[in-house]
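The values are calculated or read from the model by the stated rules, or taken from the named source; none is laboratory data. Computed from a predicted structure; not experimentally measured. All Cβ positions, glycine included, derive from the backbone under ideal geometry; neighbour counts span all protein chains shown. Accessible surface is based on the protein model in full, side chains and every heavy atom, while ligands, DNA and RNA are left aside. Shrake-Rupley method; radii C 1.70, N 1.55, O 1.52, S 1.80 Å.
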Amino acid sequence: QVQLVESGGGLVQPGGSLRLSCVTSGSIFSIDYEAWYRQAPGMERELVAGITSSGTTNYAASVKGRFTISRDNAKNTMYLQMKNVKPEDTAVYYCTVIGRTSLVDTRNFWGQGTQVTVSS
């Protein structure tokens, strides 16, 4: 079974830094697209950052210049480096992967989420 596991969340002070990790395991032959989403209490889930298989990235305007998305293919791990965090960054962060589970089947998978709380 394909599983995505996020880690690295926690409590951080405004202006601080945090790095989230997402490890993918299971029968995925290739990954077409990976992204981080977040959902604050009472709010809709929103895209934070995404990265294609070629390395092209995109960011929400609210995090551009502060967050960096990257991957390590050898470790099957995606990262979200968060710098200069703000209280409004507080949310549950989810990783998602669009990948091939067979030569003809492409599916979307989600992690369980990790809590990030920005507070002094």
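Of the residues making up segment 50-59, those that are open to solvent by less than 50 Å² (accessible area, probe 1.4 Å) and either of a type in the set (S, T, N, Q) or modelled with pLDDT under 95 (or both) are Thr52, Gly55. Which ones in segment 1-40 are on the phi > 0 side of the Ramachandran plot and under 14 Å from the mean Cα position of the chain (by Cα)? Of everything in segment 1-40, just one residue is on the phi > 0 side of the Ramachandran plot and under 14 Å from the mean Cα position of the chain (by Cα), namely Gly8.
Comparison of Thr24, Thr56 shows that the only residue that is within 18 Å of Val97 (Cβ to Cβ) and free of Cβ contacts under 8 Å to residues at least 12 places away in the same chain is Thr56. Scanning segment 82-101 for residues that are over 22 Å from Leu11 (Cα atoms), of a type in the set (A, V, I, L, M) and open to solvent by 30 Å² or more (accessible area, probe 1.4 Å) gives a single hit, Ile98. Leu47 satisfies every condition listed in (1) of a type outside the set (S, T, N, Q); (2) open to solvent by less than 40 Å² (accessible area, probe 1.4 Å); (3) at pLDDT 95 or above except (2).
Here Gly26, Gly9 are screened, and the one residue that is open to solvent by 20 Å² or more (accessible area, probe 1.4 Å) and under 16 Å from Gly113 (Cα atoms) is Gly9. Going through (1) modelled with pLDDT of 95 or more; (2) surrounded by fewer than 14 Cβ atoms within 10 Å (Cβ to Cβ) one by one, Tyr79 falls short only on (2). For segment 12-21, the set of residues classified as in contact (Cβ under 8 Å) with a residue 60 or more places away in the chain and either touching an Asp or Glu at 6+ places or on another chain (Cβ under 8 Å) or open to solvent by 50 Å² or more (accessible area, probe 1.4 Å) (or both) consists of Gln13, Pro14, Ser17, Arg19, Leu20, listed by residue number. Scanning segment 53-83 for residues that are closer than 15 Å to Cys22 by Cα and of a type in the set (Ser, Thr, Tyr) returns Thr68, Ser70, Thr77, Tyr79. Scanning segment 102-120 for residues that are part of a strand (DSSP E or B) and either touching a residue at least 60 places away in the same chain (Cβ under 8 Å) or open to solvent by less than 40 Å² (accessible area, probe 1.4 Å) (or both) returns Thr106, Arg107, Phe109, Trp110, Thr114, Gln115, Val116, Thr117, Val118. Only residues that are closer than 25 Å to Ile28 by Cα and surrounded by 14 or more Cβ atoms within 10 Å (Cβ to Cβ) were counted across segment 60-76, and they come to 5. Scanning segment 43-62 for residues that are within 13 Å of the chain's Cα centre (by Cα) and of a type in the set (Val, Ile, Thr) yields Val48, Ile51, Thr52, Thr57.
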